[in-house]
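The values are calculated or read from the model by the stated rules, or taken from the named source; none is laboratory data. This one's a predicted model, so the numbers in the text were calculated from it and none came from an experiment. All Cβ positions, glycine included, derive from the backbone under ideal geometry; neighbour counts span all protein chains shown.
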Amino acid sequence: MSALISPSILSADFTNLERDLGKIATADWAHVDVMDNHFVPNLTIGLPVVERIRQVSPIPIDVHLMIEDPDRWAPGFAEVGAQSVTFHAEAAAAPVRLARELRRLGARAGMAIKPATPIEPFIDLLPELDMLLIMTVEPGFGGQSFIEGTLPKIERTRKAISEANLDVWLQVDGGVSRSTIDMAAEAGANVFVAGSAVYGASDIPAEIAALREMAQKHTH
């Protein structure tokens, strides 16, 4: 399984997004955080900005919706061309229906869970998903420290995916850097969201390459 690097533009310069998307052109995905100041205590960008990001991004975009009522709002992001749309299990009223709708609209369907949310209630939903995101920090802000207590959950999730012989990507988001990516990959993750670790590097393409190489060594 390939290790995929998805830099978070939460750490980019929001007045120079096109420029900063260009800086991560060697990555696999661009991770776009949408926050509504209700589901999480932060406010970022909405659909019109994401639509423009999609038009100028040199790589596919994965929109991570940290919002209330994703059942209503998530399909719009697929409609403007986001190649992957991730909603939170804690916020979705009908996650299976929503995942199917995202797929119908041509996007990969992702579902995210917070650090304290157990995976077990959602194991049976995995066949409906293209990706499961396990948050390795509390969602809302960049630059936080990786929560190592999430590693057993990553391991259990990878085991469930493997036992069901599913092609479901397992993403981690939060505190991912050279010092944490190996243990996340060893636990079973294969998609790695890194914000400040990438955008804070003096040589961004070199950092992306280093993270990918480190992760690939440990990816199952």
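Quick notes
- First in the range 1-14 and acidic (D, E), second anywhere and not in a strand (DSSP E or B), Cβ under 9 Å, 6 or more apart: D13/R19; D13/D20; D13/Y199
- Of the residues making up the range 8-22, those that are touching an Asp or Glu at 6+ places or on another chain (Cβ under 9 Å), modelled with pLDDT of 95 or more and either crowded, with 24+ Cβ neighbours inside 10 Å or of a type in the set (A, V, I, L, M) (or both) are S8, I9, A12.
- Residues that are more than 17 Å from the chain's Cα centre (by Cα) and over 17 Å from I5 (Cα atoms) do not occur anywhere in the range 175-189.
- Among residues of the range 87-108 that are without any contact (Cβ under 8 Å) to a residue 40 or more places away in the chain and assigned to a helix (DSSP H, G or I), those with a beta-carbon under 9 Å from a residue that is of a type in the set (A, V, I, L, M) and surrounded by fewer than 18 Cβ atoms within 10 Å (Cβ to Cβ) at least six positions away or on a different chain give the pairs P95/L125; V96/L125; A99/L125.
- Residue within the range 43-58 that is at pLDDT 95 or above and under 18 Å from D130 (Cα atoms) present: no
- Of the residues making up the range 5-42, just one is polar (S, T, N, Q), touching a helix residue (DSSP H, G or I) at 6+ places or on another chain (Cβ under 7 Å) and not in a helix (DSSP H, G or I), namely T26.
To keep it simple, each residue is scored yes or no on (1) loosely packed, with under 15 Cβ neighbours inside 10 Å; (2) over 19 Å from P7 (Cα atoms); (3) in contact (Cβ under 8 Å) with a residue 40 or more places away in the chain; (4) of a type in the set (D, E, K, R).
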{"residue": "I24", "(1), (2), (3), (4)": "no, no, yes, no"}
{"residue": "H31", "(1), (2), (3), (4)": "no, no, yes, no"}
{"residue": "V40", "(1), (2), (3), (4)": "no, yes, yes, no"}
{"residue": "V56", "(1), (2), (3), (4)": "yes, no, no, no"}
{"residue": "H64", "(1), (2), (3), (4)": "no, no, yes, no"}
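- Residue check, I45 surrounded by 17 or more Cβ atoms within 10 Å (Cβ to Cβ), β-branched (V, I, T) and in a loop (DSSP other than H, G, I, E, B): yes
- Pairing each residue of the range 147-159 that is on the phi < 0 side of the Ramachandran plot with any residue that is crowded, with 18+ Cβ neighbours inside 10 Å and part of a helix (DSSP H, G or I), provided the two are 6+ apart or on different chains, yields C-beta distances under 6 Å for L151/A187; I154/A187; E155/A187.
- Of all the listed residues (A201, A206), the sole one being farther than 27 Å from E128 by Cα, without any contact (Cβ under 8 Å) to a residue 24 or more places away in the chain and touching a helix residue (DSSP H, G or I) at 6+ places or on another chain (Cβ under 9 Å) is A201.
- The range 91-119, subset charged (D, E, K, R) and in contact with a helix residue (DSSP H, G or I) (Cβ under 8 Å, 6 or more places away or on another chain), residue surrounded by the most Cβ atoms within 10 Å (Cβ to Cβ): R108
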